[in-house]
Structures are given as C-alpha cells and as structure tokens.
1. Given the criterion at pLDDT 80 or above, loosely packed, with under 13 Cβ neighbours inside 10 Å and touching a strand residue (DSSP E or B) at 6+ places or on another chain (Cβ under 8 Å), identify the matching residue among A:245, A:232, A:297.
2. Within the range A:355-382, can you find the residues that are facing chain B (nearest Cβ under 7 Å) and surrounded by 20 or more Cβ atoms within 10 Å (Cβ to Cβ)?
3. Pick from the range A:397-406 the residues that are in contact with a strand residue (DSSP E or B) (Cβ under 8 Å, 6 or more places away or on another chain) and not in a loop (DSSP other than H, G, I, E, B): which of them is nearest to the other protein chains (Cβ to nearest Cβ)?
4. Taking into account only those residues within the range B:1-29 that are within 14 Å of residue A:335 (Cα to Cα) and touching a residue at least 12 places away in the same chain (Cβ under 8 Å), which is surrounded by the most Cβ atoms within 10 Å (Cβ to Cβ)?
5. Looking at this structure, is residue A:394 more than 8 Å from chain B (Cβ to nearest Cβ) and part of a helix (DSSP H, G or I)?
6. Just for the range B:34-63: of the residues that are in a loop (DSSP other than H, G, I, E, B) and in contact (Cβ under 8 Å) with a residue 40 or more places away in the chain, which one is farthest from the other protein chains (Cβ to nearest Cβ)?
7. If you take just the strands (runs of 3 or more DSSP E) that sit entirely in the range A:73-185, which of them hold at least 1 residues that are free of Cβ contacts under 8 Å to residues at least 24 places away in the same chain and farther than 26 Å from residue A:259 by Cβ?
8. Sort through A:38, A:82, A:96 and tell me the only one that's under 41 Å from the mean Cα position of the chain (by Cα), buried (at least 19 other Cβ atoms within 10 Å of the Cβ), at pLDDT below 90 and of a type in the set (Val, Ile, Thr).
Amino acid sequence: MHMGDNFIIDLDESTYDLVGENLHTLSGDFDSVKECKILVTDFANTSVSRVMHVDADIKYAEAMAARKFQNDGDFDEPVSVITHWKRKKGKKNAEIFCTAVPSRIYFQYLEQINGHENLVILLPVLSVLADFIGHIPHKNPIAVIFRHGRFADLVIAKKTQYYYTARYVMFDTSEEQILNLWKTIKREIETATEEQAIQMEKIIFLNWIDTGRNEPFFDNFKTDCFVFNEETIFADDDSYNISFTKALKMCSPLKGIAPGNGKIFYFADKLYPYIMVIFIILIVVMSSGYFSYHFKTKRLRQNIAATQQHIHKMRSRMTSSIPVQSNYLKSVKFIDSLFYIKHMPSYRKIINDISSGLYPSIKINDLNINYTERTIKVRLYGIIDVGFDTAYKDYEAFLANLVSDGYLIDKNNFKTDIQRSEFNLLLSWSMK
Amino acid sequence: MNRFITETDNLGLTKDRWDNLAVNIKNKFLNFPELKKIISLTDNSYLYYFKPSFLQIKTNRSGMGISNPASKKNFIQSKADDSLNSDIQKIHETDLPESKKFNNSQHHGDVTVSLIGYFLIRKR
C-alpha cells in the first residue's frame with residue numbers, strides 16, 4: 001500500500017474515509033476508523049490562514065502571528081498557530097505562512113488523535129496545498145485554488161516564497177455565487193500579483209467531490225489555468241474525478257502534526273512490511289554467512305589438522321633420525337680416532353728417528369714430545385761436547401737426518417763456546 | 001647411514017666396544033731399562049692401541065743424555081760414563097734389535113719421565 005493512502009478527510013463539516021480510491025462518508029466521529037490514518041482537516045471552518053510579515057526574530061514568528069491574528073480581530077479567544085512555511089528576513093523580521101486555529105479546537109483535534117488507536121497525524125488542508133506547490137515544476141509563482149463546498153482556498157507561491165493565501169466563502173453554491181466567487185478570486189490574484197510585483201506562471205485548480213471540472217474561472221484568467229490530474233474516486237455508489245485526493249497523496253506525512261511519537265508510529269507502521277522484508281533478508285544473509293563461515297572454518301580446521309598431523313609426522317621422523325645421525329657421527333669420529341692412533345708415530349718411533357740420526361758427539365738432555373690433533377711437536381735440548389768445527393758439522397748432519405725422516409724444523413737455536421756447543425730445536429711432524 | 005652403523009657395530013668399531021685406560025706418569029725417576037720397557041709398551045699391538053699425548057724425558061746427571069756413540073745409526077748412550085756404554089749398548093742390542101737403540105743406564109733414576117696417553121683395548 002502506498003504511503004499516505006489512508007486518510008480521514010474532515011472537510012466542510014463532513015467526514016470521509018479515503019482508502020485508496022474509495023471514499024466513504026463517516027458518521028462524524030473517528031471511532032470506526034481502522035488502521036493507520038492521517039487526519040486531513042480544515043478545523044471545521046474555524047481556522048484562518050495567512051501569509052504575513054512579523055517584526056520579530058524567526059523563532060518568535062508563530063507567537064507574533066498569533067498576536068497579530070487576535071489584534072486583527074480574527075479570533076477573540078486563544079489561538080494556536082500551525083506553520084506551513086516561514087523565512088527569516090533580516091535580523092528581526094520574518095515571513096510566515098500559517099494557519100491559526102482556536103486553541104480550543106486545535107487541542108480537541110490533538111486529543112482525538114491521542115485517544116484514537118489508529119489516528120496518528122493531523123494534516124491541515126493548507127499544509128496539503130503548501131506542500132503541493134513544492135511538487136509542481138515552475139519558475140515563476142503559481143496559484144493553487146482548492147474549492148470545496150461553499151469554500152475556496154487560494155495559495156499564491158513559488159517553491160521558495162509564499163506570497164498570499166485566502167479563503168473565500170459563498171452563501172450557497174448557486175451559479176451566481178460561484179461566478180461571483182471566481183470574480184473575487186480573479187481580482188484577488190490580480191491584486192496580489194500587482195502588489196507582490198510578480199508574474200503568475202499558472203493557476204492550478206484542485207477539485208473535490210462537490211465541484212465539477214468545468215469551473216467558470218477558466219474563462220476569467222489570461223494565465224494558463226488547468227485542473228490538476230484527477231483520479232477516479234468511488235464514493236457511495238458513485239464515482240468522481242477528483243484532483244485534491246491526488247494532491248493529498250503527494251503530500252509528505254512529515255508536513256503533518258503528530259502528537260507524541262505519532263510520526264514515528266506512522267512511519268514504523270508504514271515501513272513495517274519493508275522492515276520485515278529487510279529483516280528477513282538480513283536473517284537470510286546472516287544465516288548464509290554463518291553457514292558459509294562455518295563451512296570455511298570447517299575446511300580450515302581440516303587443513304590445520306592435516307598440517308598438524310604432517311608436522312607431527314615430520315617431527316617423529318626427525319626425532320627418530322636424530323639418534324641415527326648421532327650414532328653415525330659417533331662411529332665416524334671413533335673410526336677416525338682409531339685411524340689416527342694407528343698411523344701416528346709412536347713414542348718409540350720418534351725416539352728411534354732421533355737416535356738414528358745422532359752422532360756420538362751429540363747428547364740430548366731434554367726431550368719433549370707433544371701430540372696435538374694431527375701434528376706432533378718435538379722439542380730437543382742437547383749439547384755437543386767437541387770442538388766447534390766437528391760439532392757444527394755433526395749437528396747439520398743430525399738435522400739433515402731428521403728432515404729426511406719427515407720432520408720440519410720449526411725453530412733452531414745453536415750456541416757454541418768453541419769447545420762445547422748447545423742447541424735448542426723445535427721440530428714438527430704432520431700426518432699427510 | 002643405518003647400514004654403516006650396523007657394519008661398524010658388527011666390526012666392533014664403536015666406542016662402547018672398547019675400554020679406555022688412561023696413563024698419566026708425572027716426573028718419574030727411571031733408569032734406562034725401565035724407560036725402554038715403558039716406551040716399548042706404548043707401541044700399538046694386536047691387543048690394543050696406545051694413543052700418545054705427551055712425553056718428556058730429562059737426563060738427571062750432567063753429561064748423561066741420549067746419544068749414539070758408536071755409529072750414526074744405532075745407539076743412544078751416555079758418553080760421560082763409559083761404564084754405562086756396554087750396558088746401554090747391551091740393552092739396545094738385546095732389547096731393540098730392530099736397529100733402533102736406546103740409551104740406558106744402570107743407575108737408578110737416570111732420567112725423569114712424564115708420560116700421558118691412554119690405552120684403547122677392544123672388549124672381548
């Protein structure tokens with residue numbers, strides 16, 4: 001159902017229930033109204049609408065307007081002002097398009113709405129007209145006329161500026177009265193156009209069930225005039241072509257007055273099907289997300305488990321291979337050490353190598369043999385107890401023998417006092 | 001790798017199949033026959049291996065030392081004490097017939113010996 005399709009129209013002291021294209025006359029109270037409704041009213045012809053200038057800050061515009069209504073003698077009782085539009089004009093000036101309603105009547109309506117289960121928004125007729133102008137494409141000001149029963153409401157405005165509004169009342173709906181009405185309206189429009197120094201772009205007529213479409217005003221205006229798009233409304237075994245209901249359905253419920261949380265309830269009610277659809281979509285999306293997530297995490301868990309199992313196997317292999325590797329290295333090391341022991345010269349071999357090269361004149365007093373990793377260091381300290389000529393010759397021959405046996409001479413220190421000589425020798429042998 | 005380990009194990013070429021007996025002689029006074037005996041025992045044999053590490057031989061008396069008085073090849077003897085010559089020569093000729101002769105002395109404590117190493121004996 002289109003938002004705003006359900007209305008109660010309280011107009012010309014009659015009450016109608018508009019549901020879609022069906023209009024039913026109600027007995028006068030709203031008790032039989034079901035479902036969410038917007039109450040459209042002219043406040044039983046007690047209201048006065050006006051576009052006025054107030055000498056006050058814009059936030060006090062309504063209060064100033066109320067005072068002005070009373071000062072002008074429109075009301076002799078407290079009034080409530082419903083603003084349709086207002087605009088700041090200078091520091092302490094404002095313009096306001098509003099409807100003044102006796103507070104007594106106004107609160108009566110609000111109480112009716114508050115006390116009703118389904119009525120939630122109060123929408124003055126002038127609010128409908130004011131909002132309607134905003135929906136009509138135009139550059140210059142336009143005039144909207146809504147005639148209903150003995151009354152005609154006029155609003156001259158453009159989107160950003162409201163110029164004039166008035167209600168016209170006839171004694172009856174005779175042709176003569178109607179003709180006079182249009183003459184008056186025509187004159188009023190011309191006056192307003194002249195006073196406001198504006199050029200009217202078009203005049204739009206909104207009709208009601210008791211007004212035909214061939215109103216005489218068409219002949220009276222030079223400006224482009226037309227009846228706004230009508231729709232067929234079925235009411236009490238009859239059908240009518242009405243444009244006001246069309247304008248009404250274009251009107252935003254936000255323009256209405258909602259006591260308490262009326263607007264919230266209204267929109268919540270209207271949006272309920274959409275909210276439900278969104279909610280169901282959300283549930284579906286979340287459910288599919290959950291299942292998708294669950295499926296993915298399940299796969300992920302399976303992958304993790306497989307990886308952990310793989311790691312566990314690798315660790316087992318590594319753990320089992322560590323002792324094998326360790327035993328292997330130990331064996332290699334031990335065999336290497338056996339090889340080394342077997343092939344390194346023994347103490348006796350070294351002593352024999354040394355002694356075999358000794359000449360009778362050479363005596364060794366100190367012998368050191370030191371085995372390192374694969375090298376043997378041999379230090380010899382000795383004396384040669386003959387004259388230098390023989391001693392050095394024997395010593396050189398001794399060294400030559402050692403070299404031929406595979407020893408390297410790292411250090412060779414030979415000292416002599418002619419008759420006797422000493423030597424200090426450092427040899428090395430390495431396994432090749 | 002496993003095969004190698006198995007083979008070495010079968011051949012007894014693992015450390016746990018061998019006993020390790022350390023030798024640590026420090027500044028011991030020995031005469032030449034004793035020294036010769038000890039040195040000869042540090043040769044590898046079919047019963048064991050000897051892993052040499054350190055040997056120090058110092059002569060204790062002035063003029064005594066390792067020498068080869070008779071020829072360039074065969075002897076180590078003390079020239080300071082002629083009476084030892086025959087003994088030394090005898091020792092070397094009898095105990096070291098492989099042409100390597102070791103100087104010796106009948107005097108107790110001809111040399112001071114330090115010897116470090118260990119025997120590696122295969123377990124039966």
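The values are calculated or read from the model by the stated rules, or taken from the named source; none is laboratory data. Just so it is clear, the structure is predicted and the values come from calculations on it, not from any experiment. Here Cβ is always computed from backbone atoms with ideal geometry, including for glycine, and neighbour counts include all displayed protein chains.
1. A:232
2. A:355, A:356, A:358, A:359, A:362, A:363, A:364, A:365, A:367, A:369, A:371, A:382
3. The qualifying residue nearest to the other protein chains (Cβ to nearest Cβ) is A:398.
4. Per the criteria, the residue is B:18.
5. yes
6. Filtering first and then ranking leaves B:47.
7. Per the criteria, A:161-169.
8. A:38
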